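The next block holds one structure in the form of C-alpha coordinates; read it before the comments.
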Amino acid sequence: MQPGDRVHVDRGEQSFDGVLLPSSTDEHLVIKLDSGYNVGVDRDAADIDVHEADVYDIEDAQADEGESEITFEEDLPTVALISTGGTIASTVDYRTGAVTAQFDAEDVLRAVPELAGLANYRGRVVANILSENMTPDVWQDLAEAIYEEIEAGADGVVVMHGTDTMQFSASAMAFMLETPVPIVFTGSQRSADRPSSDNVMNAVCSVEAAKSDAAEVMICMHADSSDEVCALHRGTRARKNHTSRRDAFETVGAEPLGEVGYEDRKVSLRREYRERGEADLELRADLETEVELVKFTPGTDPAVLEAYDDKAGIVLEGTGLGHVNTDWIEHVDDLTDDGTHVVMTSQCLEGRVCDRVYDTGRDLLDAGVIEGEDMLPGTAKVKLMWALANAADVEETMGTELAGEIQDRSVPWT
(Lines give C-alpha, C1' and ligand atoms only; values in the text may rest on other atoms or scores of the structure.)
Protein backbone atom coordinates (compact mmCIF):
# COMPACT_ATOMS: atom_id res chain seq x y z
CA MET A 1 0.00 0.00 0.00
CA GLN A 2 1.49 3.30 -1.18
CA PRO A 3 0.29 6.89 -1.50
CA GLY A 4 -1.58 7.14 -4.77
CA ASP A 5 -3.35 3.77 -4.38
CA ARG A 6 -7.13 3.61 -4.44
CA VAL A 7 -8.22 1.99 -1.18
CA HIS A 8 -11.29 0.86 0.73
CA VAL A 9 -11.09 1.49 4.47
CA ASP A 10 -13.37 0.12 7.18
CA ARG A 11 -13.24 1.74 10.60
CA GLY A 12 -15.88 0.39 12.93
CA GLU A 13 -19.23 1.02 11.28
CA GLN A 14 -17.76 3.57 8.85
CA SER A 15 -16.38 2.87 5.39
CA PHE A 16 -14.34 5.11 3.09
CA ASP A 17 -13.31 4.81 -0.54
CA GLY A 18 -10.69 7.05 -2.05
CA VAL A 19 -7.05 7.68 -2.89
CA LEU A 20 -4.40 7.28 -0.19
CA LEU A 21 -2.42 10.49 0.36
CA PRO A 22 0.85 11.07 2.21
CA SER A 23 0.40 11.53 5.97
CA SER A 24 2.35 13.69 8.38
CA THR A 25 2.36 10.84 10.95
CA ASP A 26 2.82 7.07 10.87
CA GLU A 27 -0.25 6.63 13.06
CA HIS A 28 -2.75 8.08 10.59
CA LEU A 29 -4.00 7.44 7.08
CA VAL A 30 -5.11 10.34 4.91
CA ILE A 31 -7.67 9.53 2.21
CA LYS A 32 -8.89 11.78 -0.58
CA LEU A 33 -12.57 10.90 -0.94
CA ASP A 34 -14.37 11.01 -4.28
CA SER A 35 -16.33 14.01 -2.99
CA GLY A 36 -13.09 16.00 -2.82
CA TYR A 37 -12.88 16.06 0.95
CA ASN A 38 -9.99 14.57 2.88
CA VAL A 39 -10.39 12.35 5.93
CA GLY A 40 -7.88 11.21 8.53
CA VAL A 41 -8.18 7.70 9.97
CA ASP A 42 -6.37 6.03 12.87
CA ARG A 43 -4.26 3.35 11.17
CA ASP A 44 -4.53 0.81 14.01
CA ALA A 45 -8.32 1.04 14.02
CA ALA A 46 -8.71 0.57 10.26
CA ASP A 47 -9.00 -2.42 7.91
CA ILE A 48 -7.58 -1.51 4.50
CA ASP A 49 -7.95 -3.09 1.08
CA VAL A 50 -6.09 -1.82 -1.98
CA HIS A 51 -8.44 -1.78 -4.97
CA GLU A 52 -6.06 -0.26 -7.52
CA ALA A 53 -2.40 0.69 -7.38
CA ASP A 54 -0.87 3.98 -8.57
CA VAL A 55 -4.07 5.67 -9.70
CA TYR A 56 -2.47 8.99 -8.82
CA ASP A 57 1.20 9.84 -9.27
CA ILE A 58 1.98 11.29 -5.86
CA GLU A 59 5.72 11.62 -6.47
CA ASP A 60 5.29 13.76 -9.58
CA ALA A 61 2.70 15.90 -7.84
CA GLN A 62 5.03 16.45 -4.90
CA ALA A 63 7.93 17.25 -7.17
CA ASP A 64 5.95 20.14 -8.56
CA GLU A 65 5.60 21.56 -5.07
CA GLY A 66 9.23 22.54 -4.55
CA GLU A 67 10.56 26.05 -4.18
CA SER A 68 8.43 28.45 -6.14
CA GLU A 69 10.10 30.03 -9.13
CA ILE A 70 8.73 33.53 -9.56
CA THR A 71 9.76 35.05 -12.86
CA PHE A 72 9.34 38.75 -13.58
CA GLU A 73 7.94 40.09 -16.82
CA GLU A 74 8.49 43.73 -17.61
CA ASP A 75 5.01 44.30 -19.01
CA LEU A 76 3.23 43.05 -15.86
CA PRO A 77 2.49 45.07 -12.72
CA THR A 78 4.02 43.98 -9.41
CA VAL A 79 1.69 42.85 -6.65
CA ALA A 80 2.95 42.25 -3.11
CA LEU A 81 1.36 39.22 -1.42
CA ILE A 82 1.46 39.60 2.36
CA SER A 83 0.36 36.70 4.53
CA THR A 84 -0.99 36.98 8.07
CA GLY A 85 -2.46 33.46 8.21
CA GLY A 86 -6.13 32.51 8.24
CA THR A 87 -8.14 29.91 6.34
CA ILE A 88 -6.91 31.06 2.92
CA ALA A 89 -3.44 29.96 4.09
CA SER A 90 -4.56 26.87 6.00
CA THR A 91 -4.40 23.14 5.75
CA VAL A 92 -5.78 20.27 7.81
CA ASP A 93 -3.90 18.83 10.76
CA TYR A 94 -4.92 15.20 10.52
CA ARG A 95 -3.83 14.45 14.08
CA THR A 96 -6.70 16.60 15.38
CA GLY A 97 -8.93 17.22 12.35
CA ALA A 98 -8.54 20.97 12.93
CA VAL A 99 -7.78 23.56 10.29
CA THR A 100 -4.48 25.28 11.08
CA ALA A 101 -2.53 28.08 9.41
CA GLN A 102 0.45 26.54 7.62
CA PHE A 103 1.31 28.31 4.38
CA ASP A 104 3.51 31.32 3.77
CA ALA A 105 2.95 33.69 0.87
CA GLU A 106 4.93 31.60 -1.62
CA ASP A 107 2.85 28.56 -0.72
CA VAL A 108 -0.19 30.56 -1.79
CA LEU A 109 1.38 31.00 -5.22
CA ARG A 110 1.98 27.27 -5.50
CA ALA A 111 -1.51 26.48 -4.25
CA VAL A 112 -3.20 28.91 -6.66
CA PRO A 113 -1.56 28.39 -10.07
CA GLU A 114 -4.31 30.56 -11.60
CA LEU A 115 -2.35 33.56 -10.29
CA ALA A 116 0.42 32.90 -12.80
CA GLY A 117 0.64 35.49 -15.54
CA LEU A 118 -1.62 38.04 -13.83
CA ALA A 119 1.21 39.96 -12.20
CA ASN A 120 4.75 39.79 -10.93
CA TYR A 121 4.73 38.86 -7.26
CA ARG A 122 6.69 39.59 -4.15
CA GLY A 123 5.76 37.62 -1.03
CA ARG A 124 6.35 38.14 2.66
CA VAL A 125 4.92 36.82 5.91
CA VAL A 126 3.96 39.25 8.65
CA ALA A 127 2.26 36.69 10.89
CA ASN A 128 1.04 33.12 10.73
CA ILE A 129 -1.97 33.27 13.02
CA LEU A 130 -5.68 32.63 13.04
CA SER A 131 -7.47 35.95 12.91
CA GLU A 132 -8.96 35.70 16.40
CA ASN A 133 -5.37 36.08 17.60
CA MET A 134 -4.90 39.38 15.75
CA THR A 135 -3.58 42.24 17.90
CA PRO A 136 -2.78 45.95 17.42
CA ASP A 137 0.92 45.04 17.47
CA VAL A 138 0.41 42.88 14.39
CA TRP A 139 -1.54 45.73 12.76
CA GLN A 140 1.49 47.94 13.19
CA ASP A 141 3.79 45.29 11.73
CA LEU A 142 1.39 44.85 8.83
CA ALA A 143 1.15 48.58 8.14
CA GLU A 144 4.94 48.86 8.10
CA ALA A 145 5.22 45.87 5.76
CA ILE A 146 2.65 47.33 3.34
CA TYR A 147 4.43 50.70 3.47
CA GLU A 148 7.76 49.06 2.65
CA GLU A 149 6.29 47.08 -0.25
CA ILE A 150 4.70 50.16 -1.80
CA GLU A 151 7.83 52.22 -1.23
CA ALA A 152 9.81 49.48 -3.00
CA GLY A 153 7.60 49.82 -6.07
CA ALA A 154 4.64 47.47 -5.62
CA ASP A 155 1.73 48.49 -7.87
CA GLY A 156 -0.75 46.93 -5.46
CA VAL A 157 -0.90 44.88 -2.28
CA VAL A 158 -2.95 41.79 -1.42
CA VAL A 159 -3.19 40.86 2.25
CA MET A 160 -4.11 37.25 3.04
CA HIS A 161 -6.08 37.39 6.29
CA GLY A 162 -8.53 35.34 8.33
CA THR A 163 -12.10 36.46 7.79
CA ASP A 164 -13.27 36.69 11.41
CA THR A 165 -11.39 39.92 12.20
CA MET A 166 -10.59 41.09 8.68
CA GLN A 167 -12.88 44.13 8.95
CA PHE A 168 -10.92 45.41 11.96
CA SER A 169 -7.54 44.99 10.26
CA ALA A 170 -8.77 46.59 7.05
CA SER A 171 -10.07 49.57 9.02
CA ALA A 172 -6.75 49.88 10.83
CA MET A 173 -4.81 49.98 7.55
CA ALA A 174 -7.21 52.59 6.16
CA PHE A 175 -6.36 54.97 9.01
CA MET A 176 -2.68 54.12 9.39
CA LEU A 177 -1.76 54.43 5.70
CA GLU A 178 -2.19 57.01 2.98
CA THR A 179 -1.82 54.88 -0.10
CA PRO A 180 -1.29 55.69 -3.79
CA VAL A 181 -2.11 52.08 -4.79
CA PRO A 182 -4.84 49.54 -3.96
CA ILE A 183 -4.55 47.55 -0.73
CA VAL A 184 -6.83 44.51 -0.94
CA PHE A 185 -7.69 42.17 1.93
CA THR A 186 -8.90 38.70 1.09
CA GLY A 187 -9.41 35.36 2.75
CA SER A 188 -11.53 32.27 2.44
CA GLN A 189 -14.44 30.87 4.34
CA ARG A 190 -13.58 27.28 3.42
CA SER A 191 -10.13 25.73 3.41
CA ALA A 192 -8.38 24.50 0.29
CA ASP A 193 -9.04 20.81 1.00
CA ARG A 194 -12.80 21.36 0.58
CA PRO A 195 -14.35 21.12 -2.90
CA SER A 196 -16.38 24.26 -2.19
CA SER A 197 -13.32 26.28 -1.20
CA ASP A 198 -13.37 29.94 -2.21
CA ASN A 199 -9.62 30.49 -1.89
CA VAL A 200 -8.74 30.39 -5.61
CA MET A 201 -11.46 32.76 -6.80
CA ASN A 202 -10.90 35.22 -3.96
CA ALA A 203 -7.15 35.25 -4.54
CA VAL A 204 -7.45 35.77 -8.31
CA CYS A 205 -10.05 38.52 -7.98
CA SER A 206 -7.99 40.24 -5.29
CA VAL A 207 -4.95 40.39 -7.53
CA GLU A 208 -7.08 41.96 -10.26
CA ALA A 209 -8.40 44.48 -7.73
CA ALA A 210 -4.83 45.25 -6.65
CA LYS A 211 -4.07 46.14 -10.28
CA SER A 212 -7.10 48.45 -10.53
CA ASP A 213 -7.36 52.22 -10.29
CA ALA A 214 -8.99 52.28 -6.83
CA ALA A 215 -6.26 53.30 -4.39
CA GLU A 216 -8.20 52.37 -1.27
CA VAL A 217 -8.14 49.70 1.40
CA MET A 218 -10.70 47.13 0.24
CA ILE A 219 -12.00 43.70 1.14
CA CYS A 220 -12.48 41.29 -1.78
CA MET A 221 -14.71 38.26 -1.17
CA HIS A 222 -17.49 36.32 -2.91
CA ALA A 223 -20.39 38.58 -3.89
CA ASP A 224 -22.95 35.76 -3.78
CA SER A 225 -23.16 31.99 -3.51
CA SER A 226 -21.98 31.41 -7.08
CA ASP A 227 -18.40 31.33 -8.37
CA GLU A 228 -18.79 34.24 -10.76
CA VAL A 229 -18.18 37.59 -9.04
CA CYS A 230 -16.29 38.94 -6.05
CA ALA A 231 -17.47 42.12 -4.33
CA LEU A 232 -15.12 44.96 -3.41
CA HIS A 233 -16.04 46.43 -0.03
CA ARG A 234 -14.51 49.60 1.37
CA GLY A 235 -12.50 48.43 4.35
CA THR A 236 -14.08 50.84 6.82
CA ARG A 237 -17.68 50.02 5.83
CA ALA A 238 -17.52 46.22 5.65
CA ARG A 239 -18.92 43.70 8.08
CA LYS A 240 -18.83 39.91 8.21
CA ASN A 241 -22.51 39.04 8.46
CA HIS A 242 -22.47 35.25 8.23
CA THR A 243 -20.37 32.65 9.98
CA SER A 244 -19.82 30.28 7.06
CA ARG A 245 -21.31 31.44 3.76
CA ARG A 246 -18.78 32.33 1.11
CA ASP A 247 -20.53 35.68 0.56
CA ALA A 248 -20.32 36.49 4.27
CA PHE A 249 -19.18 40.10 3.84
CA GLU A 250 -21.44 43.04 3.12
CA THR A 251 -21.01 46.77 2.76
CA VAL A 252 -23.19 48.39 5.42
CA GLY A 253 -25.30 51.37 4.42
CA ALA A 254 -24.30 51.46 0.75
CA GLU A 255 -23.57 49.34 -2.28
CA PRO A 256 -20.13 47.74 -2.51
CA LEU A 257 -17.43 49.88 -4.04
CA GLY A 258 -17.31 47.57 -7.04
CA GLU A 259 -16.89 44.00 -8.20
CA VAL A 260 -14.48 41.69 -10.01
CA GLY A 261 -15.59 39.07 -12.52
CA TYR A 262 -13.82 35.76 -12.04
CA GLU A 263 -14.03 34.56 -15.63
CA ASP A 264 -13.44 37.84 -17.47
CA ARG A 265 -11.12 39.31 -14.78
CA LYS A 266 -12.92 42.62 -15.21
CA VAL A 267 -12.91 45.16 -12.35
CA SER A 268 -16.04 47.34 -12.28
CA LEU A 269 -16.08 50.30 -9.89
CA ARG A 270 -19.56 51.68 -9.34
CA ARG A 271 -19.01 54.39 -6.69
CA GLU A 272 -16.62 57.29 -6.18
CA TYR A 273 -13.18 56.17 -5.09
CA ARG A 274 -9.70 57.52 -4.51
CA GLU A 275 -7.75 57.10 -7.70
CA ARG A 276 -4.36 55.49 -8.10
CA GLY A 277 -1.59 58.02 -7.51
CA GLU A 278 -3.93 60.58 -5.94
CA ALA A 279 -2.33 60.33 -2.48
CA ASP A 280 1.30 60.37 -1.43
CA LEU A 281 2.47 57.34 0.51
CA GLU A 282 2.42 58.03 4.23
CA LEU A 283 2.57 55.85 7.33
CA ARG A 284 1.21 56.87 10.73
CA ALA A 285 1.17 53.60 12.61
CA ASP A 286 0.97 54.79 16.22
CA LEU A 287 -2.02 53.41 18.13
CA GLU A 288 -3.42 53.95 21.60
CA THR A 289 -4.25 50.42 22.67
CA GLU A 290 -6.14 51.32 25.87
CA VAL A 291 -9.47 51.52 24.04
CA GLU A 292 -12.46 49.24 24.53
CA LEU A 293 -15.75 48.55 22.75
CA VAL A 294 -18.65 48.15 25.20
CA LYS A 295 -22.09 46.89 24.16
CA PHE A 296 -25.10 48.08 26.14
CA THR A 297 -28.02 45.72 26.65
CA PRO A 298 -31.09 46.07 28.86
CA GLY A 299 -30.31 45.14 32.43
CA THR A 300 -26.54 45.52 32.18
CA ASP A 301 -25.18 46.85 35.46
CA PRO A 302 -23.71 50.34 34.90
CA ALA A 303 -20.95 49.33 37.32
CA VAL A 304 -19.33 47.48 34.39
CA LEU A 305 -18.01 50.89 33.30
CA GLU A 306 -15.89 51.04 36.46
CA ALA A 307 -13.64 48.42 34.86
CA TYR A 308 -12.68 51.04 32.27
CA ASP A 309 -11.75 53.87 34.62
CA ASP A 310 -8.15 53.95 33.40
CA LYS A 311 -8.88 53.55 29.70
CA ALA A 312 -7.94 56.26 27.22
CA GLY A 313 -11.08 55.67 25.18
CA ILE A 314 -14.35 53.75 25.08
CA VAL A 315 -16.72 53.16 22.19
CA LEU A 316 -20.26 52.50 23.38
CA GLU A 317 -22.53 50.42 21.18
CA GLY A 318 -25.86 51.89 22.22
CA THR A 319 -29.43 51.33 21.14
CA GLY A 320 -31.22 53.13 18.31
CA LEU A 321 -30.00 56.68 17.85
CA GLY A 322 -27.29 56.13 20.44
CA HIS A 323 -28.75 55.51 23.88
CA VAL A 324 -27.94 53.67 27.10
CA ASN A 325 -29.93 53.29 30.31
CA THR A 326 -30.25 56.54 32.24
CA ASP A 327 -28.36 54.95 35.13
CA TRP A 328 -25.27 54.77 32.92
CA ILE A 329 -25.05 58.50 32.34
CA GLU A 330 -23.49 59.38 35.69
CA HIS A 331 -20.78 56.78 35.13
CA VAL A 332 -20.14 58.10 31.62
CA ASP A 333 -19.86 61.62 33.03
CA ASP A 334 -17.26 60.43 35.55
CA LEU A 335 -15.24 58.79 32.78
CA THR A 336 -15.13 61.87 30.58
CA ASP A 337 -14.31 64.10 33.58
CA ASP A 338 -11.29 61.87 34.18
CA GLY A 339 -10.12 62.28 30.59
CA THR A 340 -11.55 59.17 28.91
CA HIS A 341 -12.90 59.83 25.43
CA VAL A 342 -16.31 58.16 25.03
CA VAL A 343 -17.72 57.68 21.52
CA MET A 344 -21.32 56.61 20.92
CA THR A 345 -22.27 54.28 18.07
CA SER A 346 -25.43 52.29 17.36
CA GLN A 347 -26.27 48.61 17.42
CA CYS A 348 -28.46 49.18 14.36
CA LEU A 349 -26.87 47.97 11.14
CA GLU A 350 -27.71 51.17 9.29
CA GLY A 351 -28.31 54.80 10.16
CA ARG A 352 -26.43 57.35 12.19
CA VAL A 353 -26.25 58.36 15.82
CA CYS A 354 -28.22 61.46 16.81
CA ASP A 355 -28.30 62.20 20.53
CA ARG A 356 -30.34 65.38 20.16
CA VAL A 357 -33.76 63.77 19.73
CA TYR A 358 -34.48 62.33 23.18
CA ASP A 359 -33.63 63.44 26.70
CA THR A 360 -31.25 60.53 27.23
CA GLY A 361 -29.24 61.54 24.21
CA ARG A 362 -29.03 65.16 25.28
CA ASP A 363 -27.89 64.08 28.75
CA LEU A 364 -25.20 61.92 27.16
CA LEU A 365 -23.96 64.88 25.14
CA ASP A 366 -23.87 66.97 28.32
CA ALA A 367 -21.83 64.16 29.88
CA GLY A 368 -19.21 64.58 27.16
CA VAL A 369 -20.09 61.78 24.75
CA ILE A 370 -18.79 62.13 21.17
CA GLU A 371 -21.28 61.16 18.48
CA GLY A 372 -19.92 58.47 16.17
CA GLU A 373 -22.05 59.48 13.16
CA ASP A 374 -22.81 56.30 11.16
CA MET A 375 -19.52 54.54 11.81
CA LEU A 376 -19.62 50.82 12.43
CA PRO A 377 -18.78 50.15 16.09
CA GLY A 378 -15.67 48.12 15.26
CA THR A 379 -14.45 50.77 12.85
CA ALA A 380 -15.08 53.44 15.46
CA LYS A 381 -12.93 51.55 17.97
CA VAL A 382 -10.03 51.29 15.53
CA LYS A 383 -10.38 54.94 14.53
CA LEU A 384 -10.41 56.06 18.18
CA MET A 385 -7.23 54.05 18.80
CA TRP A 386 -5.63 55.83 15.88
CA ALA A 387 -7.02 59.30 16.69
CA LEU A 388 -5.83 59.21 20.30
CA ALA A 389 -2.27 58.53 19.10
CA ASN A 390 -2.18 60.87 16.10
CA ALA A 391 -4.79 63.65 16.26
CA ALA A 392 -4.52 66.98 18.06
CA ASP A 393 -8.31 67.21 18.43
CA VAL A 394 -9.80 63.76 19.01
CA GLU A 395 -13.44 64.86 18.99
CA GLU A 396 -13.09 66.75 15.72
CA THR A 397 -11.19 63.85 14.14
CA MET A 398 -13.82 61.31 15.18
CA GLY A 399 -16.48 63.41 13.45
CA THR A 400 -14.46 63.89 10.26
CA GLU A 401 -14.50 61.42 7.38
CA LEU A 402 -10.96 60.16 6.74
CA ALA A 403 -11.26 56.89 4.87
CA GLY A 404 -14.89 56.46 3.88
CA GLU A 405 -15.91 55.41 7.39
CA ILE A 406 -18.53 58.19 7.65
CA GLN A 407 -21.14 58.70 4.93
CA ASP A 408 -22.83 61.96 4.05
CA ARG A 409 -26.30 60.46 4.21
CA SER A 410 -27.76 57.42 5.92
CA VAL A 411 -30.41 56.05 3.59
CA PRO A 412 -31.50 52.49 2.75
CA TRP A 413 -29.75 51.26 -0.38
CA THR A 414 -31.34 47.85 -0.95
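Okay, here's what the table says:
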quantity	calculated
Amide H partners (placed H, <5 Å) of GLU275, local residues excluded	ALA215
Region 229-278 - convex hull of the alpha-carbon atoms, volume per residue in Å³	87
Per-peptide average of other Cβ atoms within 10 Å, ordering 318-328, 368-378, 273-283 highest first	368-378, 318-328, 273-283
Region 252-274 versus region 275-291: alpha-carbon centroid distance in Å	23
The chain - mean residue ellipticity at 222 nm from DSSP helices (-39,500 (n - 2.57) per run, n ≥ 4, rounded to 500)	-6500 deg cm²/dmol
Accessible surface of SER212 - all protein chains present, 1.4 Å probe, nearest 10 Å²	10
Reported label for calculated Cα extents along the principal axes in Å given [x] 66, 61, 44; [y] 84, 49, 36; [z] 78, 55, 38	[z]
Accessible surface, per residue, of the chain when the full set of protein chains is kept, probe 1.4 Å, Å²	46
Axial C-alpha extent at least 20 Å, average Kyte-Doolittle at least -1.0 - helices from the chain (DSSP)	136-151
Of LYS211/LYS240; LYS240/LYS266; LYS32/LYS211; LYS32/LYS240; LYS240/LYS381; LYS240/LYS295, those spanning more than 28 Å from alpha-carbon to alpha-carbon	LYS32/LYS211; LYS32/LYS240
Amide H partners (placed H, <5 Å) of ILE314, local residues excluded	GLU292, HIS341, VAL342, VAL343
Ratio Rg/Rh [Cα only; Rh per Kirkwood] for region 291-399	0.92
Rounded to the nearest 10 Å², the accessible area of LEU365 at probe 1.4 Å	50
Listed peptides 355-361, 248-254 by packing density, highest first (mean Cβ within 10 Å)	248-254, 355-361
Share, in percent, of DSSP beta bridges within the chain that are antiparallel, nearest 5	55
Relative contact order (%) - the chain, alpha-carbon pairs under 8 angstrom, separation at least six	11
Gained length - HIS51 relative to ALA152, 0.36 nm times residue gap less alpha-carbon distance	30.9 nm
Assigned charges on the beta-carbon of Lys, Arg, Asp, Glu; the chain dipole about Cα centre (debye)	940
Cα gyration tensor category, rounded, prolate or oblate, for region 5-52 with a/c compared to 1.5	rounded
Per-residue ³J(HN,Hα) for region 301-316, Karplus 6.51 cos²θ - 1.76 cosθ + 1.60, θ = phi - 60°, Hz, x for Gly and Pro	5, x, 5, 4, 5, 5, 5, 10, 4, 9, 6, 6, x, 9, 9, 8
Nearest-0.05 FRET efficiency for GLU27 and ARG265, computed from C-beta distance (R0 41 Å)	0.40
Share of carbon and sulfur in the accessible heavy-atom surface of the chain [1.4 Å probe, %]	42
LYS240 accessible area, assembled protein chains, probe 1.4 Å, Å²	40
Amide H within-cut-off set for SER346, under 5 Å, with H built and near neighbours excluded	GLY318
Alpha carbon convex hull of region 264-335, volume per residue in cubic angstrom	214
³J(HN,Hα) computed for each position of region 259-265 - Karplus, 6.51 cos²θ - 1.76 cosθ + 1.60, integer Hz, glycine/proline x	8, 10, x, 6, 6, 8, 6
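The values are calculated or read from the model by the stated rules, or taken from the named source; none is laboratory data. Every value quoted in this text rests on a predicted model; they were computed, and no experiment measured them. Here the Cβ is made from the backbone with ideal geometry for all residues, glycine too, and neighbour counts use every protein chain on show. We work out accessible area using only protein heavy atoms, side chains counted, and drop any ligands, DNA or RNA first. Shrake-Rupley method; radii C 1.70, N 1.55, O 1.52, S 1.80 Å.
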